Amino acid sequence: MTGLLFTLVWFPLIGAAVSRLAGRMNWFLAGAGMNGLALFIAGVLHIPLHAVLFVLGVAALVIVVAKLELPARPTLKPADAAIAISIVLLLAISAIKPLDDYDGRAFWLLKAKAIAHEARIDGPFFHGETAVTPRNEYPLLVPLDAATVMIAARDLDERHVRWLYALFAIALAWEVRRHAGPWLGALTLWLPQIAVSDAGGALTAYADIALAAFITCAVFELASESPGALRTGLWLSFIVLTKNEGLPFAVVLLGVSVSRLRARAILAATPLGIAAAALFLWRTRIDPTDEARFTLSALPERLDRLGDALLIFARHAVAFPDWGLFWIAVFAAGAFLAWQRRWRPLLIGAATIVPMIAIYLIMFVVSDWNTADLVNSTAPRLLTHFIGPAMLLLGHASREND
Amino acid sequence: MLRLVRETIALAPLAYEERRARVAGPFYSSLRSVRAELGANETAGISMRDTRRDVTNAVFANYYLYPHRTRFFGSLDDYRVMVLVDPAHPKRLVRIDTARTSEARLMTYNEVRHEEVLETPIVRDPKPGATALTDAIVPMALAIDGQPGNAYLTDGVLLSDLDATATLTFFPTGESKTFALRARQPLVLRDVVYQITKRLDAGWLRVSATAPVRASFWFVNRGLRHAVALPLFERTPPLPQRVAGGERFWILNPNDAVANVAVDGTPHSIAPHSLTQLPARAMNEVTADRDVLAFSAARTNGRERFNFP
């Protein structure tokens, strides 16, 4: 219970402070992102993490109390009953059912435990001196958030952080609700891949939903009437530090931001640049272990596999048990927006989805893994990353006009 | 979702650790026991029987045991190499062998070694010798490791026409173990020295049975998957004994008192019940004031060849 209370207070508190400084952002996601970003940069600079947490907490409290401004109470809609039911179910299941997924335990939470235990991000654990450290170079934003909860609970047990992952999904749904409408917000939490998948769902400790949530925030920010450069930059920096896929995503979104922010895109690039530099600097200090290997030079000779990879990926997109009819609806929404000549959401959505799918397909092909095995084992959860731009298309298509 | 809700409702009345044991199965319960047994600063080697098959459980053991220090060992030889080069090597192994059990077991290297030895016998169809004896000496008995990849041990088989017992005494330490023999049913003994001593050691065996038994024992090199039958001695050969030279030369003193021995005129004192290695020559002539057994061994292409008087 300590973990739940702390998670419900700490991250929204940090997020409220960030919102106060940068303009309106999702409190939970901004808090989780800023907490991870601050701890990661502090870790790279060898500033003690406990001290950073203390300063972060005090600063957030001061900023929030100095000008307390609660967001407007949302008007509840019938669809919110569906969101409420899924929130209750996700939190109840997180509270009761212990973790049983693979990546969450094998990689992500092991890192969180190590960070909480050593209070460092390049300590003995990350040099393989204390335990086996699979995927040693994975970005650490979500493990840093989980470690924060463990530090607060003074216990490395996963039970304290189970909520964190469900709350990422809930915050994602809330963001979709705010920008694309209550029914799409409700749908987010009822998509099987997000609600119940044991490989990347809200009840696991994977980082895919956190990444999807940050991407969603960035996409909606860029699609808004007056996108903020600092807010966009912060979302992009969180994206980079969440998963390996985050870097290309952030670069693609930075490209999209140029069309929306113009010269202010440089301001958006600043936090992204700092986060990326910190990530690369950190990686020079630790040893890679069993990271996935990609041989880009092999692409010309493996181009013939591209068609198969696309076909399998597309098959997963329309696999009813994982995604229902969601991606078919997204495709139809895109076609509808094109027919209606509503270019802005269509271009932002497509400019995010198309290049990233192309990058994923190329990575499938140049990976040292068997292409079909890799696509089959990752496609359902990789599709989660596109939920933001997909909801943007659906949201706009479901409105009469923009 | 409905399945998850049903599962959650069933778990709800249990304590968290019980829920985790229910969800993660006996593997998690066994890791709890392992964690409780490990010393606060003890490093645990996570030893897999088959890397491909057992790596998932090894990864989860790594997770659940943290912050205990852990190291992965894909094979026992990996562990032996580490023992040779790193004094801080783990003293105990968390054994993951999912073909045998889904549970993780905290074991010593010797226990794991013995378990592996029993899995793949080198002497596949052990046949007892032709002569029935009630007392006999097995001149060499061992359970030791050579360079990583090599392991030496002693296998045997005993057969009696009557129900009987056979006591095997390992010397020079004198530890013994008694085995029940059922009439006309061969008793196969794998890694017999470890069975008696529960450690790695080298020496010789005395077999004492309550009824005549036919027996055979083998010197086994597991690295080469090679076994050599050892002769059994009801009594030591008469003195002087002439033994063709080998690379190694031994004198076995089965007596309770020191044996004063001369090998090619050079005097040696051989402690009671000991198997003493001496310099080998092309031909070794042995005299002594008591019964002793001299023999030598040479290795050709790694295969052992013994010379007896």
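The values are calculated or read from the model by the stated rules, or taken from the named source; none is laboratory data. What you see is a predicted model, and the numbers here were worked out from it, not measured in a lab. Counting neighbours? That spans all protein chains shown, and the Cβs are built from the backbone with ideal geometry, glycine included.
Give region B:1-36 a look and list any residue that's touching a residue at least 60 places away in the same chain (Cβ under 8 Å) and facing chain A (nearest Cβ under 10 Å), or say none.
Result: B:Gly25, single match.
Within region B:296-306, how many residues are at pLDDT 90 or above and over 23 Å from the mean Cα position of the chain (by Cα)?
Summing the residues that are at pLDDT 90 or above and over 23 Å from the mean Cα position of the chain (by Cα) in region B:296-306 gives 0.
Find the residue count for region A:100-128, including only residues that are within 11 Å of chain B (Cβ to nearest Cβ), over 12 Å from A:Val142 (Cβ atoms) and either among the small types (Gly, Ala, Ser) or in a helix (DSSP H, G or I) (or both).
As a first pass, look at region A:100-128 and keep what is within 11 Å of chain B (Cβ to nearest Cβ): A:100-114, A:116-118, A:124-125, A:128.
This time we only want the ones that are over 12 Å from A:Val142 (Cβ atoms), so: A:100-102, A:105-106, A:110, A:113-114, A:116-118, A:124-125, A:128.
Imposing the further condition that a residue be either among the small types (Gly, Ala, Ser) or in a helix (DSSP H, G or I) (or both) reduces the set to A:105-106, A:110, A:113-114, A:116-118, A:124-125, A:128.
Number of matching residues: 11.
Determine whether A:Val196 is surrounded by fewer than 24 Cβ atoms within 10 Å (Cβ to Cβ), at pLDDT below 95 and touching a strand residue (DSSP E or B) at 6+ places or on another chain (Cβ under 6 Å). Walk me through it before giving the result.
Values: surrounded by fewer than 24 Cβ atoms within 10 Å (Cβ to Cβ): yes; at pLDDT below 95: yes; touching a strand residue (DSSP E or B) at 6+ places or on another chain (Cβ under 6 Å): no.
Here the answer is no, as A:Val196 does not meet what is asked.
Search region B:42-80 for residues being assigned to a loop (DSSP other than H, G, I, E, B) and within 11 Å of chain A (Cβ to nearest Cβ), and hand back the single one that is surrounded by the fewest Cβ atoms within 10 Å (Cβ to Cβ). If you could, list the steps in order and put the result at the bottom.
As a first pass, look at region B:42-80 and keep what is assigned to a loop (DSSP other than H, G, I, E, B): B:42-43, B:49-50, B:66-69, B:74-75.
Next, from what is left, pick out any that are within 11 Å of chain A (Cβ to nearest Cβ): B:43, B:66-69.
Values: B:Thr43: 17, B:Tyr66: 20, B:Pro67: 14, B:His68: 20, B:Arg69: 19.
Checked region B:42-80; the qualifying residue surrounded by the fewest Cβ atoms within 10 Å (Cβ to Cβ) is B:Pro67.
Select from region B:10-21 the residues that are under 43 Å from the mean Cα position of the chain (by Cα) and over 10 Å from A:Lys97 (Cα atoms) and list them in ascending order.
Within region B:10-21, the subset under 43 Å from the mean Cα position of the chain (by Cα) is B:15-21.
Correct list: B:Ala15, B:Glu17, B:Glu18, B:Ala21.
Where in region B:164-230 are the strands (runs of 3 or more DSSP E), entirely inside, with at least 1 residues that are over 23 Å from B:Thr120 (Cα atoms)? Quick ask: steps written out before the conclusion?
On the way: elements: B:164-171, B:175-181, B:187-189, B:201-221, B:226-230.
Because the criterion is at least 1 residues that are over 23 Å from B:Thr120 (Cα atoms), the strands (runs of 3 or more DSSP E) in region B:164-230 that meet it are B:164-171, B:175-181, B:201-221.
Given the options A:Leu191, A:Leu203, A:Leu211, A:Leu187, name the one that is within 13 Å of chain B (Cβ to nearest Cβ), crowded, with 24+ Cβ neighbours inside 10 Å and under 20 Å from A:Leu383 (Cβ atoms). Explain how you work it out, then say what you get.
Details: A:Leu191 fails: crowded, with 24+ Cβ neighbours inside 10 Å; A:Leu211 fails: within 13 Å of chain B (Cβ to nearest Cβ); A:Leu187 fails: within 13 Å of chain B (Cβ to nearest Cβ).
Going through A:Leu191, A:Leu203, A:Leu211, A:Leu187 in turn, the sole match is A:Leu203.
Could you give every pair whose Cβ atoms fall below 6 Å, whose first residue belongs to region A:146-161 and is over 18 Å from B:Val23 (Cβ atoms), and whose second residue is part of a loop (DSSP other than H, G, I, E, B), counting only separations of at least 6 or pairs across chains?
Here the result reads A:Ala146/A:Val161; A:Val149/A:Val161; A:Met150/A:Leu156, each pair linking region A:146-161 to a residue that is part of a loop (DSSP other than H, G, I, E, B).
Could you figure out which of (1) without any contact (Cβ under 8 Å) to a residue 12 or more places away in the chain; (2) within 13 Å of chain A (Cβ to nearest Cβ); (3) not in a helix (DSSP H, G or I) isn't true of B:Gly39?
For B:Gly39, the failing item is (2).
For region A:73-98, name all the residues that are surrounded by 17 or more Cβ atoms within 10 Å (Cβ to Cβ), more than 8 Å from chain B (Cβ to nearest Cβ) and either under 25 Å from B:Arg69 (Cβ atoms) or among the small types (Gly, Ala, Ser) (or both).
A:Ala82, A:Ser86, A:Ser94, A:Ala95
For A:Ala60, all conditions in the list (1) small (Gly, Ala, Ser); (2) in a helix (DSSP H, G or I); (3) more than 30 Å from A:Phe126 (Cβ to Cβ) hold save one; what is the number of the exception?
Evaluating A:Ala60 over (1) small (Gly, Ala, Ser); (2) in a helix (DSSP H, G or I); (3) more than 30 Å from A:Phe126 (Cβ to Cβ) leaves (3) as the failure.
I want to confirm something. Restricting to region A:320-347 and keeping residues that are at pLDDT 95 or above and of a type in the set (Gly, Ala, Ser), which single residue is nearest to A:Trp190 (Cα to Cα)?
By that ranking, first place goes to A:Ala329.
Which one is nearest to A:Thr289 (Cα to Cα) among residues in region B:27-37 that are buried (at least 17 other Cβ atoms within 10 Å of the Cβ) and aliphatic (A, V, I, L, M)?
B:Leu31
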